[in-house]
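Read the figures in this text as sums done on the coordinates, not as results from a lab. Predicted, not measured: the structure shown is a model, and the values here were computed from it. Cβ sites come from the backbone with ideal geometry, for glycine too, and all protein chains shown count toward neighbours.
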C-alpha cells in the first residue's frame, strides 16, 4: 500500500461517573460565581466551562439557586478543612491563628473565587430563604471549626484560660468578614490590618505588646 492512509474516527469523550460529573460542575460553578457573583452568573457559562450542555447542569442541581447553594456548602466544608489542617503542621493553635488572620491569607480569601468572595456574595442574598439558609449553615461550619481550634488552644495553654471559645470564634470570623469595609475606607490598610490582627492575637493569648503574659 502506498500513500498515506487516514481514517476519520469520531472523538470519544470520557464518560464521567455521576459523582465526578457533579464535582466537575461544582468546581466550574465556584469559579463562575466567584468571578461574577450569583446575579450575573449564567448556567450556560458553567456548562461551557465543564464541556457539557445546560440540561446536564440542571439535571444535577435542579436550579441555579440549587447549584449556588451546593457551591456555598462546598466552600464552607473546604474552608473548615483548611482551618483544621493548619493545626497539623507543627505550628500549634497560635501559629494556625497567626496564619488565618494574616493580611495575606485574608486577602487571598477575598480574591478570585476565594471563600470570602463567595460568602460575601451569599450574605448579600441572605433574604432569599434557600440561599440564606445555606450561607448561615456554611458560616456555622466555620464557627464550629474555629471554636474547636480555640478550645484546643485553651487546653494547651496557647490561649488565655478565661476565653469563651464561641465568642472568640465569632470575633475572628467578624474580623475576616469586614475585609471589604477595610478596603473601602481604611488608610494604610496593609499596615493597619497587620496591627489589628496582632491586637486580636494578643487578646486571645493574653499577651502584652512585647509578647509577655499580660498582668492583671
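At 7 Å along the Cα-to-beta-carbon direction for both residue 164 and residue 31, put a label point, then send me their distance in nm to one decimal.
That separation, rounded to one decimal, is 4.4 nm.
What list of whole percents do you get for P(r) of the chain, with Cα-Cα distances grouped in 5 Å bins up to the one holding the largest distance?
Once binned at 5 Å, the Cα pair distances of the chain give 1, 6, 13, 15, 15, 13, 10, 8, 6, 4, 3, 2, 1, 1, 1, 0, 0, 0, 0, 0.
Stretched out fully, how many nm does the piece from residue 155 to residue 209 gain, at 0.36 nm a residue minus the Cα gap?
Extending this stretch completely gives an extra 17.1 nm.
Computed FRET efficiency, Cβ-Cβ of residue 194 and residue 130, R0 41 Å: what is it to the nearest 0.05?
0.60
Among 60-66, 137-143, how do they line up by average Cβ neighbours within 10 Å per residue, starting with the highest?
The peptides rank, most packed first, as 137-143, 60-66.
Figure the gain on full extension for residue 44 and residue 78 (residue separation times 0.36 nm, minus the Cα-Cα span) and round it to one decimal in nm.
9.7 nm
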